[in-house]
Amino acid sequence: MIALQVVLPRTFLADEIVREYMSDVASRWYGRQATPDEVDEALHGEPYDDLQGASGVFLAAVEDGRAVGCAGVRFGDGFAELTKVFTRRDHRGQGLGGRLLGMAEQSCAERNHRRRGWPGRRDPQGRTSSLVRC
């Protein structure tokens, strides 16, 4: 069973999935498998240490002690920005992304933030949401 949970940045669980996320992003950027040095450079350019406490939250989808997906929310000035949304290739197509987005929206609602820069979400009637109070 896959559990969604809040995890602190820079823990083993968080670092492992963020490194895999950045490897995926960097590999698509280069059009080939990114080298470890290229992944390190990407990680340095996109820190996520602030995704905790009042400034943000980092969420992980965990199965058997290993993160298989993640999403981060950065809070600021009454709005929230979604970042680091990723699902491991072998766990795609199972609705994990939607579950992570739902938990991210719940985190916004708990802090009375509005979301900004999020992909449109469709409700059961097929309507796409826009910038709304979470």
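The values are calculated or read from the model by the stated rules, or taken from the named source; none is laboratory data. Since this is a predicted model, take the numbers as computed values, not measurements. Cβ placement follows ideal geometry from the backbone for every residue including glycine, while neighbour counts extend to all protein chains displayed.
Among the candidates ALA80, ALA61, which residue alone is within 21 Å of VAL7 (Cβ to Cβ), at pLDDT 95 or above, surrounded by 14 or more Cβ atoms within 10 Å (Cβ to Cβ) and within 15 Å of the chain's Cα centre (by Cα)?
Details: ALA80 fails: at pLDDT 95 or above.
None of the others qualify; the one that does is ALA61.
Yes/no per residue for (1) surrounded by 19 or more Cβ atoms within 10 Å (Cβ to Cβ); (2) of a type outside the set (A, V, I, L, M, F, W, C); (3) without any contact (Cβ under 8 Å) to a residue 40 or more places away in the chain:
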position: TYR30; (1), (2), (3): no, yes, yes
position: TYR48; (1), (2), (3): yes, yes, yes
position: SER55; (1), (2), (3): no, yes, yes
position: ARG66; (1), (2), (3): no, yes, no
position: GLY69; (1), (2), (3): yes, yes, no
position: LEU96; (1), (2), (3): yes, no, no
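Considering only the stretch 12-35, how many residues are of a type in the set (D, E, K, R) and in a loop (DSSP other than H, G, I, E, B)? Show your work before the answer.
The first filter runs over the stretch 12-35 and keeps only residues of a type in the set (D, E, K, R), leaving 15-16, 19-20, 24, 28, 32.
Filter again for in a loop (DSSP other than H, G, I, E, B), leaving 32.
Total satisfying the criteria: 1.
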